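Read the structure below first, then the notes.
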Amino acid sequence: MHGNTQGTRKRIIRNCYKEALEFELKKNCIQFQREKEFLMKYKDIILPHKFSADFIVYYKIILEIKCKKGIIEEYTKQTLNYLSISNVKLGIIANFGGDSLKYKRIVL
């Protein structure tokens, strides 16, 4: 997908990559949920703030999409929080912001 947007990569925003990825997942019959919301529980209550992961793939992988110069610690912490809240064990941060696709695999 990254190679197919080579000429216009700098102008494509994060949502366009998410739409393109959604197209590819559907085309390849890969199960996923987009913008999956997670509730935050505190003691016996559900907090009003919700967290939204970009994609859940096969109900087992949280996939976060970024379009920045690099994968920074903040993105890792965000993905770790999503893993903890969701009880999912594997997260992947995919960054389309550089010259080539970079990714980071996170295991809880």
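Read the figures in this text as sums done on the coordinates, not as results from a lab. Note that the coordinates shown come from a computational prediction; the quantities given were computed from them, not determined experimentally.
General remarks:
- Cross-link reach is defined here as a Cα-Cα straight distance under 18 Å, omitting same-chain residues fewer than 8 places apart; for Lys50 the lysines meeting it are Lys36, Lys41, Lys77.
- Rounded to the nearest 10 degrees, the angle from helix 73-86 to the longest Cα principal axis of the chain is 50 degrees.
- Between helix 14-27 and the chain: long-axis angle, C-alpha atoms, 0 to 90°, nearest 10: 90 degrees
- By the helix-only formula, in which each DSSP H run with n ≥ 4 contributes -39500 (n - 2.57) and the sum is divided by residues, the chain has a 222 nm mean residue ellipticity of -8500 deg cm²/dmol.
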